[in-house]
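Trainee: One structure follows; several queries about it will come next.
The values are calculated or read from the model by the stated rules, or taken from the named source; none is laboratory data. All values derive from a computational prediction rather than experimental measurement. Here Cβ is always computed from backbone atoms with ideal geometry, including for glycine, and neighbour counts include all displayed protein chains. Heads up: the accessible areas ignore ligands, DNA and RNA and are worked out on the full protein's heavy atoms, side chains in. Shrake-Rupley method; radii C 1.70, N 1.55, O 1.52, S 1.80 Å.
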2 protein chains.
Amino acid sequence: MDPSKVTTLPLKDLTISNITENVNLVNSTNPSPRLRFLLSRLTTHLHDYARETRLSQGEWLEAINFLTATGQICTDVRQEFILLSDIFGLSLLVDSIDHPKPAGSTEGTVLGPFHTHDAEELENGAIMAHDEGGEKLLVVCTVKDVYGNPIEDVAVDVWETDSTGHYDVQHPGRDRPDGRCVLKSDAEGRFWFRGIVPVSYPIPHDGPVGKLLLRLGRHPMRPSHMHFMFEKAGWDKLVTALYLRGDPYETTDAVFGVKQSLIVELGTVDKEMAARYPGVVEGTKLLQYDFVLVTEQQSAELRDRNSIEALGRLGMEKVKIVDGLPVPELD
Amino acid sequence: MDPSKVTTLPLKDLTISNITENVNLVNSTNPSPRLRFLLSRLTTHLHDYARETRLSQGEWLEAINFLTATGQICTDVRQEFILLSDIFGLSLLVDSIDHPKPAGSTEGTVLGPFHTHDAEELENGAIMAHDEGGEKLLVVCTVKDVYGNPIEDVAVDVWETDSTGHYDVQHPGRDRPDGRCVLKSDAEGRFWFRGIVPVSYPIPHDGPVGKLLLRLGRHPMRPSHMHFMFEKAGWDKLVTALYLRGDPYETTDAVFGVKQSLIVELGTVDKEMAARYPGVVEGTKLLQYDFVLVTEQQSAELRDRNSIEALGRLGMEKVKIVDGLPVPELD
């Protein structure tokens, strides 16, 4: 390391009141305007937090140990930092910021850590959950644009737990995907499949995040729901879920995912409907929903407009959008 | 989990603008007023950060992966989260908040991750660094109160690297402590020992924190320094360090620890002094410094006053100090 090549600025005698601007100066020489903006706000919030709370060294060390334990419990199939983000509402917030939904379109919600990329592509009408303990459910949906036009050939990813509240990947002996599939919408925007009635379940709570929830008097439960993800070129990717009305955890979801517009009341398959859906008997539980997608362009325009407004509220009147993300424009 | 025992509040339809108050409500039922205050400010800053930067899901995931890698490289002898705190200036800031120093007393600085609890107690005059490659150094100091009265029997912890810039614990074959010791000040507040001239060195930079520094165009170097820690019942613990004047990294310390008042110019032992310090030859390098401690009460009073002022600036006029830490007082 050749000191003559050092490009940072003279730093000495840093105090409670001048350290933030100095750390920001040191971090401002990297070439990415977006990274500079992210770091500058990060340092400011981190320092303001310590100054406002008068954070003690004991509390700081407890936080260091908590973060270390959180990292150390992570594996290929367990992501404790995502859980941490979920229980602080950050995951839902970032989804809301990144995928703003214009009026009339279906709202998004948290992805969660249990989506996989190995779900089978199934035909409409197929059985996607083979748990004999689950109550059978027929799911009949449509996917349309905001004007009511059907959207054909949308890839619809669906996933749910088994009747014990566990996703397939949570079972050590998993040899093939179950309780998940990918379908395609037909010319009328319809897709339908046979699953099981979702149940409520706890998020993994035997690690640092579970201990924190306990300390806060919070439970780890999520209300019963089924995950849906919609993808088609030109359309804004929609990550969402449907929640069952009347679930005891409907109003206390540990990860803050429930939205009124995503709560559904299950119906029952009648005789006429049973005749139209092969293999489905009268009296089977029925979930029906009409999803509405927006185009990538509609979403990007809304996101850019929201960005410029949000930075404006920070006093940054001149904002540039770089790769879809805002940076303050320097003169 | 019995839903009837759920004590959290109804949460649904959380949006960019209402999620923060709702997460704060859910986290407000735990019994500790200090924990409630810490969590409420944490959630607010975390959410404000995402809202102000319009944090994207890609960036969020990159942060999740960075934190995971930071946790996973930690071991019994490596604490990457402390390094992360150091390079963002947070460690220095927390020290400054927790140990405010009244005018006339010696300033503190970062502890760093290399203090141990197994240093030998040595007599004044002893050799505490046995590295033959190091340049010999006589260190002669005093420790006094702000009125100039000597303080006897202060436990003085001292630690420094060897001549290659490594602390003893960084060598895999370490069988006993070296480059560190604990001394006691005498009746005149004096303590003295024989070490080696400190050298500059890089903080561990082969992990996530090192990669981040590289990406930011920052070097990992610390200027040459020697650590000191002072402890005696009734006196505020002082964690500090002395820095050598003229070090090439004096103004670009990777962890922001240098303070003007802690920079020293090395002298040389003259004939008269060599005669007074057994085993020390004329021409040996000399470090002299007079440390000034404050009482625990002086420090606590200043810390409480600073806390009340800082929370007042947040609009919290009624503040209670609980176990030495502030919480807003609720009516």
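Trainee: Can you give the net charge of the other residues whose Cβ lies under 13 Å from the Cβ of residue B:110, counting K and R as +1 and D and E as -1?
Mentor: Counting the neighbours of residue B:110, the net charge comes to -3.
Trainee: Now, a different point. Can you run the Rg to Rh ratio on the range B:9-83? Use alpha carbon positions and the Kirkwood inverse-distance Rh.
Mentor: Computed over Cα atoms, the ratio is 1.07.
Trainee: In degrees, nearest 10, range 0 to 90: what is the angle between the Cα axis of helix B:57-72 and the longest Cα principal axis of chain B?
Mentor: That helix lies at roughly 40 degrees to the long axis.
Trainee: Let me check I have the definition right: for the protein assembly as shown, take the eigenvalues of the Cα gyration tensor, multiply each by 5, take square roots. What are those semi-axes in whole Å, largest first?
Mentor: Here the semi-axes work out to 59, 24, 24 Å.
Trainee: Also, I was wondering about something else. For the protein assembly as shown, which whole percent of the accessible surface, found with a 1.4 angstrom probe, sits on carbon and sulfur atoms?
Mentor: 53
Trainee: Would you calculate, for chain B, the mean residue ellipticity at 222 nm contributed by helices, counting each DSSP H stretch of 4 or more residues as -39,500 (n - 2.57) and dividing by all residues, to the nearest 500?
Mentor: -9000 deg cm²/dmol
Trainee: Where does helix A:296-313 land angle-wise versus the long Cα axis of chain A, in degrees 0 to 90, nearest 10?
Mentor: 30
Trainee: Let me ask something else. Name the residue farthest towards the positive end of the dipole of chain B from the options B:201, B:113, B:316, assuming +1 on Cβ of Lys and Arg, -1 on Cβ of Asp and Glu, about the Cα centre.
Mentor: B:316
Trainee: Here is a further query. How many Å² of accessible area per residue for the protein assembly as shown, probe 1.4 Å?
Mentor: In whole numbers, the protein assembly as shown has 44 Å² accessible per residue.
Trainee: From the protein chains alone at 1.4 Å, what is the descending order of accessible area for A:78, B:305, largest first?
Mentor: B:305, A:78
Trainee: Here is a further query. Roughly how compact is the range A:14-164, stated as its Cα Rg over 2.2 N^0.38 Å to two decimals?
Mentor: 1.54
Trainee: Let me ask something additional. Positive end of the dipole of chain B, charges at C-beta (+1 Lys, Arg; -1 Asp, Glu), about the Cα centre: which of B:151, B:46, B:31 has its Cα farthest in that direction?
Mentor: Selected residue: B:46.
Trainee: Here's another thing I want to ask about it. Report the charge-dipole magnitude of the range A:41-200 in Debye, nearest 20, computed about the Cα centre from +1 at each Lys and Arg Cβ and -1 at each Asp and Glu Cβ.
Mentor: 460
Trainee: Which FRET efficiency value, to the nearest 0.05, do you get for residue B:170 and residue B:211 by plugging their Cβ-Cβ distance into 1/(1 + (r/R0)^6) with R0 = 22 Å?
Mentor: Calculated transfer efficiency: 0.65.
Trainee: Past the 32 Å Cα-Cα mark, which pairs from A:259/A:285; A:184/B:12; A:12/B:271; A:237/A:285; B:144/B:271; B:136/B:232?
Mentor: As for pairs spanning more than 32 Å Cα to Cα, those are A:12/B:271.
Trainee: From the residues B:69, B:268, B:100, which one has its Cα farthest along the dipole of chain B in the positive direction, the dipole being from +1 and -1 charges on Cβ of Lys/Arg and Asp/Glu about the Cα centre?
Mentor: The Cα lying farthest towards the positive end belongs to B:69.
Trainee: Okay, moving on. Could you work out how far apart the two model spin labels at residue B:266 and residue A:245 are, taking each label as a point 7 Å from the Cα in the direction of the beta carbon, and quote it in nm?
Mentor: 8.1
Trainee: If you don't mind, another one. Suppose accessible area is computed on protein heavy atoms with a 1.4 Å probe; arrange A:61, A:93 from highest to lowest.
Mentor: A:61, A:93
Trainee: Here's a follow-up. Which order do you get for B:226, B:221 if you rank them by accessible area with a 1.4 Å probe, largest at the top?
Mentor: Ranking B:226, B:221 by accessible area, largest first, yields B:221, B:226.
Trainee: If you don't mind, another one. For residue B:103 and residue B:76, calculate 0.36 nm times their separation in residues minus their Cα-Cα distance, and state this gained length in nm to one decimal.
Mentor: Taking 0.36 nm per residue and subtracting the Cα distance, the gain is 5.9 nm.
Trainee: While we're on this one: Among B:51, B:176, B:36, whose mean-square fluctuation peaks in a Gaussian network model of chain B (Cα, cutoff 10 Å)?
Mentor: Between B:51, B:176, B:36, it is B:51 that shows the largest mean-square fluctuation.
Trainee: How far is residue A:282 from the same spot in each other copy, in nm, shortest first, if each label point sits 7 Å from Cα toward Cβ?
Mentor: The projected label point of residue A:282 is separated from its counterparts by 11.7 nm.
Trainee: In whole Å, what three semi-axes, largest first, describe the equivalent ellipsoid of the range B:201-331 built from its Cα gyration tensor (square root of 5 times each eigenvalue)?
Mentor: 38, 26, 12
Trainee: In addition: Efficiency by 1/(1 + (r/R0)^6): what FRET value for residue A:17 and residue A:233, r their Cβ-Cβ distance, R0 = 60 Å, to the nearest 0.05?
Mentor: 0.70
Trainee: At a Förster distance of 45 Å, what's the computed FRET efficiency of residue B:305 paired with residue A:184, Cβ-Cβ distance as r, to 0.05?
Mentor: Taking R0 as 45 Å, the efficiency between residue B:305 and residue A:184 is 0.10.
Trainee: Can you name the residue in chain B whose Cβ lies closest to the B-to-A rotation axis, and give that gap in whole Å?
Mentor: B:71, 1
Trainee: At a probe of 1.4 Å, how much accessible area disappears from chains B and A on forming the pair, both sides counted, to the nearest 100 Å²?
Mentor: 8500
Trainee: For residue B:35, place a label point 7 Å out from Cα along the Cα→Cβ vector, do the same in each other copy, and report the separations in nm, one decimal, smallest first.
Mentor: 3.8
Trainee: Now for a separate question. Rounded to whole Å, give me the distance from the Cα center of the range A:270-331 to that of the range B:74-107.
Mentor: When both Cα centres are located, 43 Å separates them.
Trainee: Here is a follow-up. Which of B:84, B:302, B:216 moves the most in a Gaussian network model of chain B with Cα springs under 10 Å?
Mentor: B:216
Trainee: Choose one answer from A:134, A:279, A:108: the residue with the largest mean-square fluctuation in a GNM of chain A with alpha-carbon springs under 10 Å.
Mentor: Answer for the Gaussian network model of chain A: A:279.
Trainee: Against the 2.2 N^0.38 Å scaling, with N counting residues, where does chain B land? I'd like the Cα-based Rg ratio to two decimal places.
Mentor: Normalised by 2.2 N^0.38 Å, the Cα Rg of chain B equals 1.20.
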